[in-house]
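Contents: one structure, followed by commentary.
The values are calculated or read from the model by the stated rules, or taken from the named source; none is laboratory data. From a predicted model like this one, the values you see are computed outputs, not experimental measurements. Cβ placement follows ideal geometry from the backbone for every residue including glycine, while neighbour counts extend to all protein chains displayed. Calculation scope for accessible area: heavy atoms of the full protein, side chains included, ligands and nucleic acids excluded. Shrake-Rupley method; radii C 1.70, N 1.55, O 1.52, S 1.80 Å.
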Amino acid sequence: MSSASDVVAPDACAVRVVDAAKVAAVSASLPDGETITELAQVFGLLSDPGRLRVITALLEGGEMCVCDIAASCGHSESAVSHALRLLRANRVVRVRRAGRMAYYRLDDSHVRLLLDLALTHVGHGEEGT
């Protein structure tokens, strides 16, 4: 009969052995603290369902004005404007002004790629493959 100390959690190492070379290589390749903080901010922005609807609308619709984004997402223009301010401050979206109109689009292909991969990942899980 095993004791409680013999039981190993499913996500823990059964035998604690540290591969010093691998740990050193991985540690050396990790991003610095400032980069990790910026990544966390971007993923934090993407974790809000309202903002995610806004950027998904831009992914599908390309360049759009606040009115069109709000209508597409089912949000108020005020809520969309607030989301766009946050997204713009973190370089997720970019604005182009034409007279009194402001048109938003995803900032660059990296943001588009990140969203495409996330959508593919979610869809892949739904397919069960």
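Scan region 16-28 and tell me whether some residue there is at pLDDT 90 or above, open to solvent by less than 80 Å² (accessible area, probe 1.4 Å) and closer than 18 Å to His110 by Cβ. The answer is no; no qualifying residue exists. Among residues of region 79-103 that are at positive phi, those with a beta-carbon under 9 Å from a residue that is surrounded by 11 or more Cβ atoms within 10 Å (Cβ to Cβ) at least six positions away or on a different chain give the pairs Arg91/Val42; Arg91/Asp107; Arg91/Asp108; Arg91/Val111.
The single condition among (1) within 21 Å of Val122 (Cβ to Cβ); (2) modelled with pLDDT under 95; (3) not β-branched (Val, Ile, Thr) that Ser72 does not meet is (2).
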